Amino acid sequence: VGSEMCIRDSDASIYSISKYIEQHCGEPLRVHELAQMCGMSYSYFAKLFRETYNQSCKEYIEFTRINKAADLLLFTNQDLTYISQETGFADAAPDPHLQKVEGNDTKAMEEIAEIGIFPSVNGYFAA
């Protein structure tokens with residue numbers, strides 16, 4: 001995690017760090033390092049993050065990775081190995097529910113829905 005985010009305004013820092021998480025979700029992300037990037041203590045950062053996003057930073061990182069994986073599964077021809085590396089799940093065992101979706105594959109969409117990923121208005125997926 002780099003020092004490219006040295007914003008001291010706490011609200012701007014929290015919003016900027018969420019963009020950082022989205023752009024770097026395939027990399028190892030540690031909450032204490034993200035807090036340092038915002039110039040905050042771990043506890044203050046965690047409290048402010050939860051107040052802003054109604055979830056912990058760790059939950060947000062996982063949510064972001066799942067959304068990116070869903071997008072890649074649905075809208076690219078990439079295989080699961082590539083997708084897992086791009087989304088930070090490279091060390092995780094493959095989930096048998098995740099499979100390549102070709103076109104408008106209703107069965108695959110139902111399986112994705114079963115694991116808690118649903119389409120939303122903005123094109124991303126939410127649990």
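No value in this document is a laboratory result; all are computed from the given coordinates. Just so you know, these numbers come straight off a predicted model, no measurement behind them. Glycine gets a Cβ as well: all are built from the backbone with ideal geometry, and neighbour counts include every protein chain shown.
The 3J(HN,Hα) values that the Karplus relation (6.51, -1.76, 1.60; θ = phi - 60°) gives for region 63-78 are, in residue order, 4, 4, 5, 5, 4, 5, 4, 4, 4, 5, 5, 7, 10, 9, 9, 6 Hz. Gly and Pro appear as x.
Remark: region 36-49, residue by residue, has Karplus-estimated 3J(HN,Hα) of 4, 4, 8, x, 10, 5, 4, 5, 5, 4, 4, 5, 5, 4 Hz, where x stands for each Gly or Pro and the curve is 6.51 cos²θ - 1.76 cosθ + 1.60 at θ = phi - 60°. Highest mean packing first, where packing is the average number of other Cβ atoms within 10 Å per residue, the peptides 40-49, 64-73, 21-30 line up as 64-73, 40-49, 21-30.
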